[in-house]
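**Student:** My questions all concern the structure below.
The values are calculated or read from the model by the stated rules, or taken from the named source; none is laboratory data. Keep in mind that what you see is a predicted model, and the values were worked out from it rather than measured. FYI the Cβ positions are ideal-geometry reconstructions off the backbone, even for glycines, and counts take in every protein chain you see.
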């Protein structure tokens with residue numbers, strides 16, 4: 001079975017179930033693979049389409065459910081990432097993702 | 001869930017790649033490393049198609065096996081190994097064009113999330129165009145005063 | 001045709017014992033040329049062709065000298081050589097030569113002796129296997145450059161009813177010319193292709209090791225073989 005890869009939700013005016021949030025990369029080495037893995041695993045628990053944009057590198061939006069795309073964010077310490085989610089569980093999805101960034105180096109458990 | 005075979009000229013390299021990929025998959029994905037050739041003088045750099053065949057059979061799952069190889073003769077060895085598989089198994093194997101390390105990391109995570117053989121391979125091959133060294137400054141075109 | 005029953009009669013059939021001697025001669029030739037092959041590979045590759053081939057052909061030699069070596073049919077003998085090369089060579093030459101002998105084996109499965117035409121057909125199958133496996137064509141500066149002209153020369157000579165000795169001689173000459181021609185062209189396959197035009201002037205190591213197949217065939221196969229002399233076989 002293949003996971004669906006919907007088009008990225010764009011920041012800006014969206015439907016009622018869309019929301020966004022900006023987080024800052026706190027890890028000294030930037031957004032590393034373990035954190036990327038936590039983001040992808042967390043994002044995949046939700047139905048919502050979730051996109052991430054690196055506001056400081058002008059990269060994205062990329063699909064938060066794809067490790068390949070997360071790796072393309074070039075996110076370093078201090079970079080601001082905009083998370084945009086769209087779907088019935090957009091809000092809890094962003095909540096869970098923000099948790100990952102709130103605890104640098106200590107990614108949220110995947111379940 | 002698909003399985004992954006890592007083929008390298010060096011047994012150590014194959015095992016090292018498995019180690020990093022394993023961490024991404026949280027141990028949920030079968031990842032089998034294979035590499036090196038042996039003779040009476042010891043182990044040499046190289047790949048043995050029959051050992052690759054054995055690795056594929058060890059890793060086998062009906063969901064499919066993705067084979068990631070380092071370079072040159074590792075690819076030839078993997079192709080030769082596939083010739084010895086029954087056609088119905090061969091159809092469920094892919095030799096990936098992905099870079100070995102990045103491809104294995106991405107494939108392991110995507111496989112652990114339940115991606116199909118072709119979806120996982122596509123993600124792994126996508127790492128070939130990955131930008132590894134970030135631009136030192138934001139694109140000036142994006143930040144004109 | 002097959003009435004010689006494994007004996008090389010008037011030179012118009014090739015027995016499995018002759019094939020065994022041919023491959024044994026090939027193994028000796030490769031082992032003795034290890035340094036030369038490695039030197040050729042050092043110029044345009046990764047300097048391991050001689051070592052890898054020597055490692056593989058030493059195993060082949062052991063296999064061919066083993067009393068348990070399957071000598072009841074040409075196909076099983078070639079298959080045994082193929083499997084040994086596939087496992088023991090280690091570099092790209094393993095799958096390529098392995099595929100060559102494996103494909104060759106399938107075209108003469110249970111024959112204790114083969115006609116020259118069957119021998120040519122067998123080499124043709126091997127050639128096609130190598131081209132497919134290596135995705136190589138003529139003038140890519142690979143082993144194909146010596147094997148293909150040799151197979152074509154052999155097919156032509158046999159088609160013109162030349163005797164086996166003459167046909168094998170022409171095949172070996174064609175292989176030699178093909179091998180030498182690889183020094184005049186840039187590589188388009190393998191590591192040497194990274195050098196592009198700088199690979200011109202260097203003879204391809206794979207074409208060279210493949211030439212020895214035909215060189216030794218001309219030396220060994222044109223001579224009728226007696227049965228294996230003694231239990232303590234020598235080379």
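**Student:** Using the structure shown, decide if residue B:133 is over 19 Å from residue B:12 (Cα atoms) and crowded, with 17+ Cβ neighbours inside 10 Å.
**Tutor:** Criteria not met by residue B:133.
**Student:** Which one of B:14, B:78, B:69, B:55 is away from chain C (no Cβ under 14 Å) and under 15 Å from the mean Cα position of the chain (by Cα)?
**Tutor:** Only one candidate qualifies: B:14.
**Student:** Across segment B:55-80, what is the number of residues that are surrounded by 16 or more Cβ atoms within 10 Å (Cβ to Cβ) and in contact with a strand residue (DSSP E or B) (Cβ under 8 Å, 6 or more places away or on another chain)?
**Tutor:** Number satisfying all stated conditions: 17.
**Student:** Looking at segment B:30-50, can you tell me whether even one residue there is over 25 Å from residue C:100 (Cβ atoms) and in contact (Cβ under 8 Å) with a residue 40 or more places away in the chain?
**Tutor:** Yes: one or more hits.
**Student:** Of (1) modelled with pLDDT of 90 or more; (2) touching a helix residue (DSSP H, G or I) at 6+ places or on another chain (Cβ under 7 Å), residue A:22 satisfies all except one. Which?
**Tutor:** Just one mismatch for residue A:22, condition (2).
**Student:** Under the condition of being part of a helix (DSSP H, G or I) and in contact with a strand residue (DSSP E or B) (Cβ under 6 Å, 6 or more places away or on another chain), which residue from segment A:34-81 is farthest from the other protein chains (Cβ to nearest Cβ)?
**Tutor:** Selected residue: A:43.
**Student:** Then there is this: If you check residue C:55 against the conditions, is it in contact (Cβ under 8 Å) with a residue 12 or more places away in the chain, in a helix (DSSP H, G or I) and either more than 12 Å from chain B (Cβ to nearest Cβ) or within 21 Å of residue C:147 (Cβ to Cβ) (or both)?
**Tutor:** Considered against the rule, which asks whether it is in contact (Cβ under 8 Å) with a residue 12 or more places away in the chain, in a helix (DSSP H, G or I) and either more than 12 Å from chain B (Cβ to nearest Cβ) or within 21 Å of residue C:147 (Cβ to Cβ) (or both), residue C:55 comes out as no.
**Student:** Then there's this: Go through segment C:131-182 and count every residue that is in contact with a helix residue (DSSP H, G or I) (Cβ under 8 Å, 6 or more places away or on another chain), over 27 Å from residue C:41 (Cα atoms) and either within 14 Å of another protein chain (Cβ to nearest Cβ) or not in a helix (DSSP H, G or I) (or both).
**Tutor:** Adding up the residues that qualify gives 1.
**Student:** Now, a different point. Among residues belonging to segment B:97-137 that are assigned to a loop (DSSP other than H, G, I, E, B), more than 14 Å from residue A:72 (Cα to Cα) and within 13 Å of chain A (Cβ to nearest Cβ), point out the one that is farthest from the chain's Cα centre (by Cα).
**Tutor:** B:137
**Student:** Determine if segment C:21-36 includes at least one residue that is assigned to a loop (DSSP other than H, G, I, E, B) and either surrounded by 22 or more Cβ atoms within 10 Å (Cβ to Cβ) or within 13 Å of chain B (Cβ to nearest Cβ) (or both).
**Tutor:** So far as segment C:21-36 goes, no, none of its residues is assigned to a loop (DSSP other than H, G, I, E, B) and either surrounded by 22 or more Cβ atoms within 10 Å (Cβ to Cβ) or within 13 Å of chain B (Cβ to nearest Cβ) (or both).
**Student:** Out of curiosity, is residue C:96 away from every other protein chain (no Cβ under 14 Å), at negative phi and either buried (at least 23 other Cβ atoms within 10 Å of the Cβ) or assigned to a loop (DSSP other than H, G, I, E, B) (or both)?
**Tutor:** no
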